[in-house]
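The values are calculated or read from the model by the stated rules, or taken from the named source; none is laboratory data. Computed from a predicted structure; not experimentally measured. Here the Cβ positions follow ideal geometry from the backbone for every residue, glycine too, while neighbour counts run over all protein chains shown. Ligands, DNA and RNA are stripped out before the accessible areas are found, and what is left, the full protein with its side chains, is counted by its heavy atoms. Shrake-Rupley method; radii C 1.70, N 1.55, O 1.52, S 1.80 Å.
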Amino acid sequence: MSPAPPFYTRYGFERTQEAERPLKLTPYPQLCHAGVLRATVIASAIDLVGGFFTRELAGTDATFTSDLSLRIPKPGMPASLTALGEQLRTGRRLISTAVRLDDDHDGSTYAYGETTFTRIPRQGDAGADLAALSTPLEIPSNPLDRDLAEEVGVEIENAHNGKVRLPLRPELLNPEGVIQGALVALLVEVAALTRASIETQEPQAVCELDLRYLAAASVGPVTGAAEWIGPPDACMLRVRLFDQGRDNRLTASALVRVTDAV
């Protein structure tokens, strides 16, 4: 049996070979929730483009996303987006990047995000294969035939609390052997939207996300839940994720703002 394709090949991405505009995103229905492109896919694009710049600078160092923030002024279903990236800060331990996603239809900004990556030197470089660590110059297209959360295997254990669970398997891990950053965002998104949609009685979409990657989740299952920050009409939630297989270690913390889905 051939291995499952990496999840970044599922998100409608295409590399453009342009240094400052390196990624195009073409959404399709399986990447959406309530008719709106999932914030998870935007987070993945922001993380991926930030990773392009980071990998160029990090050499054989291992790199991990330590935080990611995004803003989507008006969530919807654009026909196509192009991502533009820039370096904000380059240090020996930290590299920060900014990414803007423009709507190809009218050139307006659909989303904006920033990431910080942590660099960790490998012991003796350990014969690291840079080609294996880098995103290919051409990204194969492997579109989903069912909803993204279903394909990943996200389980909703208690909808009223936004309680979620994800058993880990090899295709959900990155080359460093830990859960892919975008799938952390997916768990956060599912938790927040599940709880928010029930209590507001309206389909919801994520318009703001601040995500802190606190520790690598590598064993699983990864579990978490959403709770309101203030009353539901404030539209703000907190989500925390834990790696049950590592003594219930806190692995990620997120602040989320939701809005009515268009």
Within region 231-262, the count of residues that are within 27 Å of Leu168 (Cβ to Cβ) and either not in a strand (DSSP E or B) or not aromatic (Phe, Trp, Tyr) (or both) comes to 20
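Looking only at region 123-153, which residues are among the aliphatic types (A, V, I, L, M) and modelled with pLDDT under 60?
Within region 123-153, the subset among the aliphatic types (A, V, I, L, M) is 126, 128, 130-133, 137, 139, 144, 148-149, 152.
The answer is Ala126, Ala128, Leu130, Ala131, Ala132, Leu133.
So that you can scan it fast, the table gives a plain yes or no per residue for (1) of a type in the set (Ser, Thr, Tyr); (2) open to solvent by less than 60 Å² (accessible area, probe 1.4 Å); (3) in contact with a Lys or Arg (Cβ under 7 Å, 6 or more places away or on another chain):
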| residue | (1), (2), (3) |
| --- | --- |
| Ala217 | no, yes, no |
| Gly220 | no, yes, no |
| Glu227 | no, no, yes |
| Gly230 | no, yes, no |
| Cys235 | no, yes, yes |
| Leu241 | no, yes, no |
| Asp247 | no, no, no |
| Leu255 | no, no, yes |
| Thr259 | yes, yes, no |
Identify, by number, the condition in (1) farther than 24 Å from Leu173 by Cα; (2) β-branched (Val, Ile, Thr); (3) over 17 Å from the mean Cα position of the chain (by Cα) that Val36 doesn't meet.
-> (3)
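In region 216-230, which residues are polar (S, T, N, Q) and part of a loop (DSSP other than H, G, I, E, B)? Step through it out loud before you land on a result.
Going through region 216-230, the residues polar (S, T, N, Q) turn out to be 218, 223.
Selection gives Ser218 alone.
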Which ones in region 42-99 are open to solvent by 20 Å² or more (accessible area, probe 1.4 Å), in contact (Cβ under 8 Å) with a residue 40 or more places away in the chain, of a type outside the set (S, T, N, Q) and part of a strand (DSSP E or B)?
-> Phe64, Asp67, Arg71, Leu84, Glu86
Just checking, how many residues over region 237-258 are more than 19 Å from the chain's Cα centre (by Cα) and not charged (D, E, K, R)?
-> 3
Among the residues of region 162-189, which ones are under 12 Å from the mean Cα position of the chain (by Cα) and among the β-branched types (Val, Ile, Thr)?
-> Ile179, Val184, Val188
With respect to Leu209, is the statement that it is modelled with pLDDT of 95 or more, within 21 Å of Thr115 (Cα to Cα) and not hydroxyl-bearing (Ser, Thr, Tyr) true?
-> yes
Can you find even one residue in region 161-172 that is at pLDDT 95 or above and touching a Phe, Trp or Tyr at 6+ places or on another chain (Cβ under 9 Å)?
-> no
Of a type outside the set (S, T, N, Q) and more than 25 Å from Glu114 (Cβ to Cβ): does that describe Leu186?
-> no
Selection within region 25-46 - aliphatic (A, V, I, L, M) and in contact with a Pro (Cβ under 8 Å, 6 or more places away or on another chain) = Ala34, Val36, Leu37, Ala39, Val41
Within region 12-24, of all residues that are at pLDDT 95 or above and in contact with a Ser or Thr (Cβ under 6 Å, 6 or more places away or on another chain), the one surrounded by the most Cβ atoms within 10 Å (Cβ to Cβ) is Gly12
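This table checks each residue for (1) touching a helix residue (DSSP H, G or I) at 6+ places or on another chain (Cβ under 7 Å); (2) of a type outside the set (D, E, K, R).
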{"site": "Glu199", "(1), (2)": "yes, no"}
{"site": "Val206", "(1), (2)": "yes, yes"}
{"site": "Leu214", "(1), (2)": "no, yes"}
{"site": "Thr223", "(1), (2)": "yes, yes"}
{"site": "Ala226", "(1), (2)": "yes, yes"}
One residue from Asp47, Asp61 being modelled with pLDDT under 95 and farther than 15 Å from Glu189 by Cβ | Asp61
Does Pro27 qualify as being open to solvent by 10 Å² or more (accessible area, probe 1.4 Å), outside any strand (DSSP E or B) and touching a strand residue (DSSP E or B) at 6+ places or on another chain (Cβ under 6 Å)?
-> yes
